[in-house]
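Nothing in this text is a laboratory measurement; each read-out follows from the coordinates by a stated rule. In this text the structure is predicted, and so the values were computed from the model without any measurement. Because the Cβ atoms are built from the backbone with ideal geometry, glycine has one as well, and the counts that use them run over all protein chains shown.
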Amino acid sequence: MKLYSLWALPLLIGSATSQADALESQWELAMTAAYDRASDSSLFEAQSSVSRQALLQGALQYEAWEGQISAFHQAERSGSEDSELVVEELFWQGSWQDWDWLLGKRRLDFGVGYGHRPLDWFLPIERNPVSLQVSEGVGVVSASRFTENGELSVMLVDAGISQASGGDHPKGFAMRWYQLGASAEWQLLGYMDDQRGMNLGGSWVNTYGEQWEIHTEWRYQQEYWRWRAPALTAMPKQEQMDDGWQALIGMTWANSIGYSVILEYWFDSRAWGKSEWEQVFDNSLWYQNQGVQWDGLRQSSAMAFLSDNTLRHNLLLHWTLTNNEYHPKVDLIYTPEDGGLILTIGGEREMADDWVLGTSVRYFAGPDESAFAQLQNQAVFTLSTTIVF
């Protein structure tokens, strides 16, 4: 646990004990059990696994202070276990000199997409995971000024205070302008940080009647790190590149019965194309044929999956029903470059006002040389329950 979490916990506990009548809180306990069925990918050792997760989250509010803390526990069938206490958010909000101020650790989420969000600049997380996740905020000092239909914000941001996610995260200065119209809203953002240089982006959302909506967002990144094209006898290595682009466009249809459909396409110039993943596949087969002395190099090629997007072109179809105690949903991601797909089928059942049961299966498929077919798992089966108290 990092040092700054040590002062945060006494503050929350002290507020709860000394000012219990003024403290508002809500707690949620989520638990999952998952079975990962191994694929026949030559990048990984074929081994299915069973895991369990538990996540206790508490949302607290005391006067101008708000916070969220989490206790996360994960256990594998192999016997390994890990627990962590994380301060996800802890911030103060107030007004001074006709500006609204915010100081502390808070999630900053300006994206409008469902399957991918190019505007998640500061501390991006996996979209729509089947496992439990701790979603942390970033250190921020922000000042916002509101007009009748808009908002101007200036922010000092430090993503390096993250506890759960490792690595060296950027910090810098950001500005945001948001505008709301009769049926549309749009925003422009700029962010200068110490790792990626200038970041520019924006989004636009417009509704048509009561059932249709169109949304789009984009991002330009002055500098970024990219895995080099796979070489047969060299360890994977990252190289710094210039001028990265991401863009997303999508539409949503929903009706009064509770059905909702989302279609999205997104592009990422930083990602590999079909030829690079085919080369990874060919290399991994060659390593296998050479014997165990090449296993280190073979398995190291899987680091390419650490990229934000696996391929440049992505299509998504999402369907859900949310009008009763049953909430089924289907997600399908398809990469037209190599024919890969990820299919997720799941649903939840409200057993009571404060108790939900859920289940899902996520399946990875495509030609052998496609990116998704080279992942470690062929399928992930999950059972979950959530209790609010």
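First check a/c for region 126-174, with a ≥ b ≥ c the square roots of the eigenvalues of its C-alpha gyration tensor; if it is under 1.5, answer rounded, and if not, answer prolate when a/b is larger than b/c or oblate otherwise. It comes out oblate by the Cα gyration axes.
Ordering GLN93, ILE214, TRP65 by the projection of their Cα atoms onto the charge dipole of the chain, which places +1 on the Cβ of Lys and Arg and -1 on the Cβ of Asp and Glu, puts ILE214 at the extreme positive end. Using a/c under 1.5 as the rounded threshold, could you call region 169-256 rounded, prolate or oblate? The axes a ≥ b ≥ c are square roots of the C-alpha gyration tensor eigenvalues, and prolate needs a/b larger than b/c, oblate otherwise. Verdict is oblate for region 169-256.
Taking each residue as 0.36 nm, the span from THR385 to LEU315 lengthens on full extension beyond its C-alpha to C-alpha distance by 22.2 nm. Axis of helix 274-290 versus longest Cα principal axis of the chain: the two differ by about 50°, to the nearest ten degrees. Using a simple spin-label model with pseudo-atoms 7 Å out from Cα toward Cβ, ASP98 and GLU239 lie 5.3 nm apart. Summary value for region 160-250: 19 percent relative contact order, contacts being C-alpha pairs under 8 angstrom separated by 6+ residues. Taking a ≥ b ≥ c as the square roots of the Cα gyration tensor eigenvalues, region 92-228 comes out oblate, since a/c reaches at least 1.5 and a/b does not exceed b/c. For region 304-350, the set of GluC sites (Glu not before Pro) satisfying both a DSSP loop assignment and a count of at most 12 other C-beta atoms within 10 Å is given as GLU325.
The simple spin-label model puts a point 7 Å past each Cα toward its Cβ; for ALA229 and ASP368 those points are separated by 2.4 nm.
Give the peptides 375-387, 144-156 in descending order of average Cβ contacts within 10 Å, highest first.
Values: 375-387: 17.6, 144-156: 14.1.
My ranking of the peptides, most packed first, is 375-387, 144-156.
In the chain, the DSSP-assigned H stretches of four residues or longer account for a calculated mean residue ellipticity at 222 nm of -3000 deg cm²/dmol, using -39500 (n - 2.57) per stretch and the full residue count as denominator. With a Förster radius of 56 Å, plug the Cβ-Cβ distance of SER183 and ALA64 into 1/(1 + (r/R0)^6) and report the FRET value to the nearest 0.05. It comes to 0.95. Given R0 = 22 Å, the distance between the Cβ atoms of PHE146 and ASN206 translates into a calculated FRET efficiency of 0.50.
Per residue, the average separation of C-alpha pairs within less than 8 Å and at least 6 apart gives the chain a relative contact order of 14 percent. Between the labelled values [x] 22; [y] 37; [z] 31, the entry that holds percent of Cα pairs over 34 Å apart as derived from this structure is [y].
For the chain, the longest principal axis of the C-alpha atoms and the axis of helix 4-18 are separated by about 40°. The Cα center of region 26-40 and the Cα center of region 73-87 differ in position by 12 Å. Packing, taken as the mean count of other beta carbons within 10 Å per residue, orders the peptides 170-182, 306-318 from highest to lowest as 306-318, 170-182. Annotation: peptides 74-86, 38-50, ranked by per-residue average of other Cβ atoms within 10 Å with the highest first, follow the order 38-50, 74-86.
Using 0.36 nm per residue and subtracting the Cα-Cα separation, the extra length available between ASP109 and LEU85 on full extension is 6.4 nm. The count of lysine pairs in the chain with alpha-carbon distances below 21 Å, taking only pairs 8 or more places apart or on different chains, stands at 4.
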